[in-house]
Each structure stands twice: as C-alpha cells, then as structure tokens.
Amino acid sequence: MSMTGTLRMKAVCRGDKTVVADTYFDGAFKVARPVYFEENEPTVYSLHVGGGYVGGDRYHTGVVLEQDAKMTLTTQSAAKVYKTPNEPVYQFMDISLAPGSVFMYLPDPLIAYEQARFQQETIIHMEKGSTLLYSDSMTPGWSKSGHPFQYEWIRSKVKIYEEGALQVYDHLFLKPSERDVCTLMQMEGYTHAGSLFIVSPMLKQAWQEELEQIFEPYNEQARIGFSTLKNNGCTIRILANATYVVEEMILKCTNWLRTKLGQEPVQLRKY
C-alpha cells in the first residue's frame, strides 16, 4: 500500500539520557531534530510538508521506545483535513513501549473542514512498568455557510494492549449528517472534543480527586468525563467550545503526570 507520508523512530536509553537512535521518514512526513527541554529527555516535532490532508492520503507513524527510554512526540501544527469527495484520509499509528519507558503523545488538533472524511487507528503495545500518555483533539473547520459540523465524518480508534492482552478499545465516531451531534450523548452543545489516555504504575487511587481539582477552573467552559481502565489507567473526555480550552486542560494533565514521574513541566511553544 502506497503511503503519502511515513515516519518511524526508535528511542533508546544510553546511561541516564534518552536518544533517538533510529529515524526514517518519507513523503509528506518529516521530523525535526530532537529538542532537549529537559537534559535527559528528547521532545520530537513531526512535520507535514504539504498544505493539508486531502482525499486518498494515507499516513503511517511507528514509534518504539526501548527499556527506560523517555520521549515526548508532538506536531508542528494542526492537521487540516480538506474536502475528500472520493476517498477518506487514513492515518495509522503503532506504538511499542518496553518496561520502564515513558511516552507522551501531544499532537495539535485535527481540523476537519467541509465535506471532510477522516479515519485514524492507533495501536499501542505496552509492557508492564511502562507509562503512556496519549492525547487527541478534534474541531470543526471553517465552512462557507458559517455553520460548524460541515464535515462528513470523523472516526478514531484506539487499542491499547498490555503484555499482549487487549485492555482498552475506544471508538469515537462523529457523523453530523446522521444525527444532531449537539444533542445529549453526542457533543451536548459543544463543538470541540479532546481525549486523553493515561496508563502508568504511578497512577494511584486518588487520581480522579486530584484531576477534579486541576480541572475545577474549567467547569464553566467545558464538560469533563473520567473513566477507570482495567490496566491501572484512566481515560478523560473533554467537550468545549474553544481549542485553547482543550489544549490547556490536556497540558495541565500532562504536567500533573510529569510531576509524579519526577519530570519537569513542559511547555510546547510553536510560535
């Protein structure tokens, strides 16, 4: 299968420092040199050299973290999905985490424009003792009519395996033409959605109370749901009416976890 963009990378721990030991990219995907905001942990920015995603595009990202490696992966800018009249955009991601590794994925939002169709699937394989923070956010793009939710549909699947056993399966599907996505059990009057998955041995029983305190200032701006996962983890869903609200909440949650891991807070400046 021909790919519009491919990115593969491996992070390894050498002494006390994590280095990106193997990187391959092709097509529309590029990657910048790792940035060390913290001395021992690289932050990597993936780049899309095209103007946006169009019908028939296919992208694949593969990430491997060896034992005790720590890495944050983010994007340079939002993923813009334009009209896809004939075939959707497909995006695939595979992540493999060895014991003691810490991987945080903090992409910019997906912006789906009028008549856009987008499908992504993320498969994560974890070993015991590894830590994962995986985030995702979606927002409707500009449309000629000025109304939101003019995209055709967005589908996102996340599967998390631990020691080879499927522990988490999340399927988010938004198709405005079939139902009013603003109603109860859908977007409930909001326009932006964010998801956060955390699996870590550092996640203790009081995690929900701690996060409720962190999110309390946003109670008037967002609707927040928590769920406990089987494998010592949690998932958080955020509904809001502005991109910055979702981004701020995800970043606060990220830095909360980083503090528990003994890491410095991160601020991903992109402008």
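The values are calculated or read from the model by the stated rules, or taken from the named source; none is laboratory data. Since this is a predicted model, take the numbers as computed values, not measurements. Glycine also receives a Cβ, built like all others from the backbone with ideal geometry; neighbour counts cover every protein chain displayed. SASA here: full protein model, heavy atoms, side chains in, ligands and nucleic acids out. Shrake-Rupley method; radii C 1.70, N 1.55, O 1.52, S 1.80 Å.
If you run the Gaussian network model on the chain, springs between alpha carbon atoms under 10 Å, then out of Leu133, Leu229, Leu65 the most flexible one is Leu229. Mean residue ellipticity, 222 nm, helices only, the chain: the sum of -39500 (n - 2.57) across DSSP H runs of n ≥ 4, divided by residue count and rounded to 500, is -3000 deg cm²/dmol. By the scheme Lys and Arg +1, Asp and Glu -1, what is the net charge of all other residues having a beta-carbon under 13 Å from that of Ala69? Within the 13 Å Cβ shell, the charges total -2.
Less than 5 angstrom separates the built amide H of Ala28 from those of Gly5, Thr6, all sequence-distant by 5 or more or on a different chain. Could you tally the net charge around Lys128, taking each other residue with its Cβ under 11 Å from the Cβ of Lys128, Lys/Arg +1 and Asp/Glu -1? Net of charged neighbours comes to -3. For the residue pairs Lys204/Lys230; Lys128/Lys252; Lys80/Lys159, alpha carbon separations beyond 20 Å are given by Lys128/Lys252; Lys80/Lys159. Across Asp108, Asp68, Asp170, mean-square fluctuation computed from a Gaussian network of the chain (C-alpha pairs under 10 Å connected) peaks at Asp170. For trypsin sites (Lys or Arg not before Pro), the sites in region 9-116 that DSSP calls loop and that have at most 16 other Cβ atoms within 10 Å are Lys83. Across region 10-18, coupling constants 3J(HN,Hα) worked out from phi with the 6.51/-1.76/1.60 Karplus curve, θ = phi - 60°, read 10, 10, 10, 9, 10, x, 9, 10, 8 Hz, and Gly and Pro carry x. For region 36-104, the normalised intensity computed at q = 0.14, 0.19 Å⁻¹ comes to -0.56, -0.84 (log10 of I(q)/I(0), Debye sum over alpha carbons, equal scatterers, no solvent).
For region 197-271, the set of GluC sites (Glu not before Pro) satisfying both a DSSP loop assignment and a count of at most 10 other C-beta atoms within 10 Å is given as Glu220. Residues Arg155, Arg223, sorted by accessible area with the largest first, give Arg223, Arg155 [1.4 Å probe; ligands and nucleic acids excluded].
For the chain, relative contact order (Cα pairs under 8 Å, six or more residues apart, normalised by length) works out to 12 percent. Restricting region 3-90 to GluC sites (Glu not before Pro) that sit in a DSSP loop and have at most 11 other Cβ atoms within 10 Å of their own Cβ leaves Glu39. In the assembled protein chains, Asp22 presents an accessible area of approximately 90 Å² (probe radius 1.4 Å).
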